[in-house]
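Asks: The structure under discussion is supplied below as C-alpha cells; questions concerning it will follow.
The values are calculated or read from the model by the stated rules, or taken from the named source; none is laboratory data. From a predicted model like this one, the values you see are computed outputs, not experimental measurements. All Cβ positions, even for glycine, are placed from backbone atoms using ideal geometry, and neighbour counts span all protein chains on display.
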Amino acid sequence: MPPRFDAPPLDCASHPPVDLVIRGARLLDPRAGLDGVADIVIRGGEIAEITEGANAPDGAEVVDAGDLTAVPAFVDPHVHLRTPGREDEEDIDSGTRAAAAGGFCAILAQPNTDPVVDNASILAALRERARREARIPTGFMAAVTVGQDGEALTEMAELADLGAAGFTDDGRPVARAGILRQALQYQKLAGRLIALHEEDPSLSGHGVMHEGAVAALLGMAGIPSISESTMIARDAQIALYEDAAIHIQHLSARESVEAIERAKDAGVAITCEASPHHLCLTDEAVRSLDAGFKMNPPLRSADDRQALVDGLRSGAIDCVATDHAPHAREEKEQPFEVAPMGVTGLETSFAALHTDLVEPGVLDLGTVVERMTAGGAPFGLPVPTLAAGQPANVTLLDLAATWQVGEPGYESRSANCAFDGRRMTGRVRMTIAAGAVAYRERSWAIGAVPA
Amino acid sequence: MRKNLISIDDLTRADIDRILALAASFAEVSGREIKKVPTLRGRTVINLFYEASTRTSSSFELAAKRLSADLVSVKSVGSSVDKGESLKDTVLTLSAYDPAAVVIRSPHAGAAGLVARWTTASVINAGDGKHEHPTQALLDVYTLWRRLGTLDGLNLWIVGDVLHSRVARSCVLAFTRMGAEVTVCGPPTLIPREFEQLGCRVAYSLDDAGEADVLYALRMQRERMAGAYVPSLREYAANYQIDGRRLGAGQLLMHPGPVNRGVELASEVIDSPQALITQQVESGVVVRMAVLYELLAGSGAPAPADAEPAPAPIGAA
Amino acid sequence: MNDNVVLDAEDMRRTLVRISHEIVEKTGGSRLAVVGIHRRGAVLAQRVRDLVADLVGEPIPLGDIDISFYRDDVAIRSQPTVHASHIEFPVDGMTIVLVDDVLYTGRTVRAAIDALFDYGRPARIQLAVVADRGHRELPIRPDYVGKNLPTAASERVFVRVTELDGVDEVTIGERMAA
C-alpha cells in the first residue's frame with residue numbers, strides 16, 4: 001500500500017556523519033532480499049555499497065563484525081519520554097540513548113506529558129530541545145483532544161504544519177465516538193496518522209490487570225479483553241465510514257487481533273502494533289503481585305499471547321512498539337493496585353523477542369527484523385533498509401551474546417523493566433542512526449579497530 | 001520453620017493441622033485463671049492497620065499479649081501515614097523496634113507481600129485488599145474442626161459477595177485443602193469470572209443449598225448498590241438471604257462478622273443454636289496465638305557462644 | 001542399638017513402687033496431687049498416682065503439663081510437637097509431686113514449675129524422677145530419685161515406657177548426630 005502520509009520531520013542533535021566499514025557481518029534485510037555475509041561501506045553517513053571484500057575509504061573506521069549480524073535499524077512509534085514534566089523519570093537525552101542502546105534509529109514520542117503536547121508552543125519547544133539533545137531522530141506526536149480530555153479537538157492542522165508526527169491521546173481512549181469521528185474527518189486536512197489507545201472506561205472500570213483466573217485468585221479488579229476489542233471494532237467502522245487511517249496501539253487480546261483482521265479484510269486503512277512484553281509475558285507474571293508487571297493494557301492469558309504471536313507472524317500485526325513507559329522506583333514499589341502502569345522496554349525489545357520467540361523457533365529472525373523496522377511506515381516514515389544510496393540506519397547484533405537484564409545498568413533513567421533480572425540471548429553492539437554512530441556497547445567497543 | 005503467613009497457599013495440610021492442634025492447646029491456656037504464657041516474652045509484635053478494624057486488630061492484640069509479647073499498635077488514622085509517608089518508609093521506621101512480627105492489614109492486595117520484602121520480621125497478613133485474610137480462614141476451619149472433628153468430605157457453601165471478599169478466597173483455599181467440597185453462591189455480577197479455578201463449584205441460586213452441611217454467609221455491603229452489582233438489597237435478600245426457611249435442620253451457619261441483620265442473614269437464624277458466629281469470634285484469639293507461635297518459635301537469633309544445652313531430650317522417638 | 005540397659009522392666013517397676021512409698025511417707029496428711037511432664041513424665045505420673053492412691057486408699061488427682069510455652073529457648077530451637085496441658089483440679093494449697101523421666105539441666109522442671117504457678121498457688125512442689133543424670137544448670141534438686149546415673153555430656157539417657165515405646169527400660173547410649 002503506498003504511504004498515505006508524507007514523512008513527518010524528525011529532530012536530532014547534529015552528529016558528524018560517518019565513514020565506516022562493517023566487515024564480514026551476516027546481513028539480514030528480508031525486504032531487500034538480503035541474507036548473507038558481505039561488507040557494508042558507509043560514506044558520509046550514506047550506504048555507499050554492499051559487497052564482499054570492499055575497500056575502506058581513507059580514514060574510515062573499520063568494524064570487524066565477523067560473528068555479528070547486521071540488520072536495518074529499528075523504529076519505535078510508541079515511546080514515552082516523560083518530557084516535559086517528569087524529567088526525573090526520563091528525558092530526551094536519556095530516552096534516546098536508551099533507544100539507541102536497543103538498536104533503534106528513530107522513535108516517536110507520546111504527548112501525554114505534563115503539560116500535554118496539545119498546542120503549538122509546547123511542540124515547538126520540544127522539537128527545539130530534541131535538536132540539541134536527541135541522540136537519534138525523534139518525532140513528537142500531539143494530542144487528539146485538548147488536555148487529552150476527550151472533549152475538544154486540538155488545532156491539528158497547525159500542529160501538523162509545525163511538525164507533529166501524528167496524533168494520539170495515548171494513556172486514555174477517545175471515548176466518545178462523535179469526537180473520534182470528527183478527528184478522523186479532520187485528518188483530511190491535518191494529514192497525519194491518528195493512533196488510538198483502545199479501552200472502554202465503562203468496561204475497564206477500576207481494573208488493574210487482565211480479567212481472568214489470576215485476577216479471580218488475587219481479588220483484583222480486572223480489565224476484560226472486550227474493553228479493547230469492542231473499541232477497535234467501533235473505531236474501525238468509523239474510520240471506514242470517513243475513509244480515514246488509524247493505527248491501533250499496544251494490542252493485548254485475541255479478540256483484538258480478530259477485530260483487526262476483520263477490519264483489514266473489509267478494507268479499513270488500519271494498522272496496529274504489539275509490545276515485546278505482551279508478546280513474551282502473560283498474567284501469570286502478576287501472581288507475584290509485583291507492580292513491575294502492571295501496565296495498561298494488562299498482560300493477558302497464554303491464549304491471548306499466542307494470538308499476538310500468530311498475528312505478528314502473519315502480518316495482521318504490522319509492527320512491534322515498546323510503549324516504553326518509565327516510572328520512578330518508589331512509585332513502582334507500592335501495592336499493585338496503587339502503583340502506576342507501565343514498563344520500560346527500549347533496551348530489551350530485540351533481546352526479549354529473540355530469546356523468547358526466535359530461539360525456540362516460534363518466529364523467524366527475519367520476521368522479527370521486519371516488524372521491528374516497520375513502526376514508522378504507517379506514519380509516513382521511510383522504512384530503514386540495507387541498500388546502496390540509503391541513509392545509514394544499521395544495527396549490529398550479537399545473536400550469541402548472553403547477558404542479564406539490568407546487570408550492566410540501564411541507559412534509561414528508570415529501571416522498571418518487566419524483564420529485569422532475566423537472562424537473555426542477543427545483544428545490540430552498535431547502532432548507526434541517520435548516518436551517525438548513536439551507540440556502541442561498552443565492553444565490545446574496545447575491540448573496534450580504526451583504519 | 002515457615003517465616004511469613006501471607007496466603008493460605010503458603011500452608012500445607014500438615015501445617016494447618018499443626019496450627020489447629022496448637023490453637024487447641026492455647027484454648028486450654030485461655031480457660032485458665034491466668035490466661036498468659038511467657039512464650040514470646042521480650043519479643044515485639046507490631047500491629048500495622050491501614051484499615052479500620054475492631055474485630056481483627058483487637059483479636060491480634062490479645063493474642064500477642066497472652067503470649068507475653070510487647071505490642072505496638074499503629075493505626076493509619078492520625079499517624080504519619082496520613083501525612084503521606086509511604087508504606088515502605090513506615091515499615092523501615094518501625095523496623096527500628098526490631099520486631100519479631102509485623103501484622104499488616106491494608107486496603108491493597110499484595111501489601112503483606114511487599115512488607116515482607118522490607119523487613120526481616122515475620123509478616124502476618126491480616127487482610128490485604130480483596131486478596132486474602134488467612135487467619136480468618138484458619139479460625140473458621142478451627143471452629144468447624146472443634147465442632148465436627150474432621151472436615152474431609154464436608155459440604156460447605158459460601159454465599160454472598162464473593163467478588164469483593166478476601167474471606168471467601170482464603171476460605172475456599174483453606175477448606176479445600178482440608179478435604180472439604182466448597183460451593184460459592186451469589187449474584188452472577190458478584191462472582192468473578194473463572195472462579196472455579198480456585199477449586200470450588202459456582203452456583204447462582206440457593207436451590208441446591210439444602211445439600212450443604214455448612215452455610216457460610218458473607219457480608220453484603222450497601223455500597224454494592226452504588227456499583228450496580230445488585231439492583232436492590234430487597235432483590236438480594238429475596239434470592240440469597242439465609243433465613244429460617246433456607247437454613248435446614250442439620251445445617252450449621254457461619255459468618256465472618258459484622259452481620260448486616262436482615263440483609264444476608266435473618267434475625268431468627270443469627271440467634272439460633274445452629275449459628276457458630278460467636279464461636280468464630282472466640283476462636284480468633286487462640287488461632288492467632290497459634291499462628292504467632294508457629295511463625296516465631298524457633299525463628300529468633302542463634303544462641304550465644306556459651307550456649308545452654310536444651311532440656312533433657314524426651315526419649316528416642 | 002548399642003545402648004546399655006541400666007534398668008529393665010522389673011527394675012523400673014520396683015523403682016516406681018519404692019518412690020510411691022517414699023511419697024506417702026514424706027507427704028502424709030497433705031492434700032496430694034501428681035502431675036506429669038509430657039510426654040513420658042505424664043505416662044509415669046499415671047503409674048505413680050495409681051500406686052500412691054492404692055497405698056492411701058483414696059483417689060488422688062492426676063494432671064499433665066506441656067512445657068512448650070514456658071521453655072527458655074522458644075526463640076532458638078525449632079519446637080517439638082505441642083500437647084495441651086490438663087490440670088482439672090484446683091491447685092491452691094495442694095502438695096504437687098511433679099514427675100518426669102530424666103532430670104538433666106533442670107530447665108524443663110523450671111518451666112513446669114512456672115506453668116503450675118499459672119494455675120494457682122500450690123502449698124509446695126516436689127519432684128520425682130526415674131533417672132538423674134547430673135549436669136544441673138539451675139538450683140533444682142529431686143525429692144525422689146529412681147536411679148542416679150552420672151553420664152558424660154556426649155551420652156543420652158533414654159527412659160522407655162510400654163505405653164509409648166512397647167517396652168519399659170532405661171538405657172544409656174551415645175548422643176546421635178542431629
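Asks: For region A:336-359, which positions are of a type outside the set (Gly, Ala, Ser) and in a loop (DSSP other than H, G, I, E, B)?
Replies: Within region A:336-359, A:Phe336, A:Glu337, A:Val338, A:Pro340, A:Met341, A:Val343, A:Leu346, A:Glu347, A:Thr348, A:Glu359 meet the criteria.
Asks: Looking at A:Arg329, A:Arg234, A:Arg305, A:Arg254 in this structure, which one is within 14 Å of chain B (Cβ to nearest Cβ) and not hydrophobic (A, V, I, L, M, F, W, C)?
Replies: Going through A:Arg329, A:Arg234, A:Arg305, A:Arg254 in turn, just one is within 14 Å of chain B (Cβ to nearest Cβ) and not hydrophobic (A, V, I, L, M, F, W, C): A:Arg329.
Asks: Is it the case that region A:356-364 has a residue that's touching a strand residue (DSSP E or B) at 6+ places or on another chain (Cβ under 7 Å), within 14 Å of chain B (Cβ to nearest Cβ), touching a residue at least 40 places away in the same chain (Cβ under 8 Å) and not aromatic (Phe, Trp, Tyr)?
Replies: There is no residue in region A:356-364 that is touching a strand residue (DSSP E or B) at 6+ places or on another chain (Cβ under 7 Å), within 14 Å of chain B (Cβ to nearest Cβ), touching a residue at least 40 places away in the same chain (Cβ under 8 Å) and not aromatic (Phe, Trp, Tyr).
Asks: Identify all residues within region A:348-366 that are buried (at least 24 other Cβ atoms within 10 Å of the Cβ), in contact with a helix residue (DSSP H, G or I) (Cβ under 8 Å, 6 or more places away or on another chain) and more than 29 Å from A:Gly222 (Cα to Cα); write none if there are none.
Replies: Just the residues of region A:348-366 that are buried (at least 24 other Cβ atoms within 10 Å of the Cβ), to begin with: A:348-353.
With the extra rule that they be in contact with a helix residue (DSSP H, G or I) (Cβ under 8 Å, 6 or more places away or on another chain), the set shrinks to A:348-350, A:352-353.
Within region A:348-366, just A:Phe350 meets the criteria.
Asks: Please determine, by comparing only the residues of region C:84-121 that are surrounded by fewer than 19 Cβ atoms within 10 Å (Cβ to Cβ) and assigned to a loop (DSSP other than H, G, I, E, B), which one is nearest to the other protein chains (Cβ to nearest Cβ).
Replies: C:Ala84
Asks: Within region B:252-275, can you find the residues that are in contact (Cβ under 8 Å) with a residue 40 or more places away in the chain and touching a strand residue (DSSP E or B) at 6+ places or on another chain (Cβ under 6 Å)? It would help to see each step written out before you state the result.
Replies: Going through region B:252-275, the residues in contact (Cβ under 8 Å) with a residue 40 or more places away in the chain turn out to be B:252, B:254, B:256-260, B:263-265.
Within region B:252-275, B:Leu252, B:Met254, B:Val259, B:Glu264, B:Leu265 qualify.
Asks: How about region A:232-274: which of its residues are surrounded by fewer than 20 Cβ atoms within 10 Å (Cβ to Cβ) and at positive phi?
Replies: Of everything in region A:232-274, those that are surrounded by fewer than 20 Cβ atoms within 10 Å (Cβ to Cβ) and at positive phi turn out to be A:Asp243, A:Gly267.
Asks: Give the residues of region B:116-153 that are closer than 16 Å to B:Ser57 by Cβ and part of a helix (DSSP H, G or I), sorted by residue number.
Replies: The answer is B:Pro134, B:Thr135, B:Gln136, B:Leu139.
Asks: Mind telling me which of the residues B:Ala21, B:Ala14 ends up being in contact with a helix residue (DSSP H, G or I) (Cβ under 9 Å, 6 or more places away or on another chain) and assigned to a helix (DSSP H, G or I)? I'd like the intermediate steps shown before the answer.
Replies: Values: B:Ala14 fails: in contact with a helix residue (DSSP H, G or I) (Cβ under 9 Å, 6 or more places away or on another chain).
Only one candidate passes the filter, namely B:Ala21.
Asks: Any residue that is among the small types (Gly, Ala, Ser), within 23 Å of C:Thr162 (Cα to Cα) and crowded, with 16+ Cβ neighbours inside 10 Å - is there at least one of those in region C:67-74?
Replies: Residues of region C:67-74 that are among the small types (Gly, Ala, Ser), as a first pass: C:68.
Still in the running and within 23 Å of C:Thr162 (Cα to Cα): none.
Checking region C:67-74: not a single residue is among the small types (Gly, Ala, Ser), within 23 Å of C:Thr162 (Cα to Cα) and crowded, with 16+ Cβ neighbours inside 10 Å.
Asks: Would you point out which residue out of A:Ala142, A:Ala152 is modelled with pLDDT of 95 or more, within 19 Å of A:Pro201 (Cβ to Cβ) and of a type in the set (Gly, Ala, Ser)?
Replies: Residue meeting the stated conditions: A:Ala152.
Asks: Tell me yes or no: at least one residue of region A:208-231 is crowded, with 18+ Cβ neighbours inside 10 Å and over 30 Å from B:Leu198 (Cβ atoms).
Replies: Within region A:208-231, one or more residues are crowded, with 18+ Cβ neighbours inside 10 Å and over 30 Å from B:Leu198 (Cβ atoms).
Asks: Quick check on region B:35-49. Is at least one of its residues farther than 25 Å from B:Leu151 by Cβ, in a helix (DSSP H, G or I) and not assigned by TED's automatic domain parsing to the domain that holds B:Thr150?
Replies: Looking through region B:35-49, none of the residues is farther than 25 Å from B:Leu151 by Cβ, in a helix (DSSP H, G or I) and not assigned by TED's automatic domain parsing to the domain that holds B:Thr150.
Asks: Quick test for you: out of A:Leu365, A:Leu396, pick the one residue that is in the same structural domain as A:Asp88 (by TED's automatic domain parsing), modelled with pLDDT of 95 or more and touching a Leu at 6+ places or on another chain (Cβ under 8 Å).
Replies: A:Leu365
Asks: To continue, here is another question. When residues of region A:195-220 are filtered for being touching a residue at least 24 places away in the same chain (Cβ under 8 Å) and part of a loop (DSSP other than H, G, I, E, B), how many remain?
Replies: The number of residues fulfilling the criteria is 8.
Asks: Which residue is nearest to A:Ala274 (Cα to Cα), if the candidates are limited to region A:152-211 and must be acidic (Asp, Glu) and touching a strand residue (DSSP E or B) at 6+ places or on another chain (Cβ under 8 Å)?
Replies: Once the filter is applied, the top-ranked residue is A:Glu198.
Asks: Applying the selection to region C:123-143, what residues are of a type outside the set (Asp, Glu), in contact with a Lys or Arg (Cβ under 9 Å, 6 or more places away or on another chain) and surrounded by fewer than 21 Cβ atoms within 10 Å (Cβ to Cβ)?
Replies: C:Ala123, C:Gln126, C:Leu138, C:Ile140, listed by residue number.
Asks: Is it true that B:Ser57 is of a type outside the set (D, E, K, R), part of a loop (DSSP other than H, G, I, E, B) and surrounded by fewer than 24 Cβ atoms within 10 Å (Cβ to Cβ)? Outline the logic, then answer.
Replies: Numbers: of a type outside the set (D, E, K, R): yes; part of a loop (DSSP other than H, G, I, E, B): no; surrounded by fewer than 24 Cβ atoms within 10 Å (Cβ to Cβ): yes.
No, not satisfied.
Asks: Would you mind stating whether B:Thr120 is under 16 Å from the mean Cα position of the chain (by Cα), within 17 Å of B:Arg2 (Cβ to Cβ) and either crowded, with 24+ Cβ neighbours inside 10 Å or free of Cβ contacts under 8 Å to residues at least 60 places away in the same chain (or both)?
Replies: no
Asks: Looking at (1) touching a strand residue (DSSP E or B) at 6+ places or on another chain (Cβ under 7 Å); (2) closer than 29 Å to B:Leu151 by Cβ, which is the only condition B:Lys65 fails?
Replies: (2)
Asks: Test of understanding: among A:Ala321, A:Ala285, A:Ala316, which residue is touching a Pro at 6+ places or on another chain (Cβ under 7 Å) and in contact (Cβ under 8 Å) with a residue 12 or more places away in the chain?
Replies: The unique qualifying residue is A:Ala321.
Asks: Do you know which residues across region C:144-171 are surrounded by 15 or more Cβ atoms within 10 Å (Cβ to Cβ), within 12 Å of chain B (Cβ to nearest Cβ) and either without any contact (Cβ under 8 Å) to a residue 12 or more places away in the chain or in a strand (DSSP E or B) (or both)?
Replies: C:Glu155, C:Arg156, C:Val157, C:Phe158, C:Val159, C:Arg160, C:Asp165, C:Glu169, C:Val170, C:Thr171
Asks: Quick check on A:Ala13: is it of a type outside the set (Phe, Trp, Tyr) and surrounded by 20 or more Cβ atoms within 10 Å (Cβ to Cβ)?
Replies: no
Asks: Scan region B:279-286 and give yes if some residue there is more than 15 Å from the chain's Cα centre (by Cα) and hydroxyl-bearing (Ser, Thr, Tyr), otherwise no.
Replies: First, the residues of region B:279-286 that are more than 15 Å from the chain's Cα centre (by Cα): none.
No.
Results for (1) modelled with pLDDT under 90; (2) farther than 16 Å from C:Val6 by Cβ, shown as yes or no for each residue.
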site	(1), (2)
C:His83	yes, yes
C:Val99	no, yes
C:Ala123	no, yes
C:Phe158	no, no
C:Leu164	no, yes
C:Val170	no, no
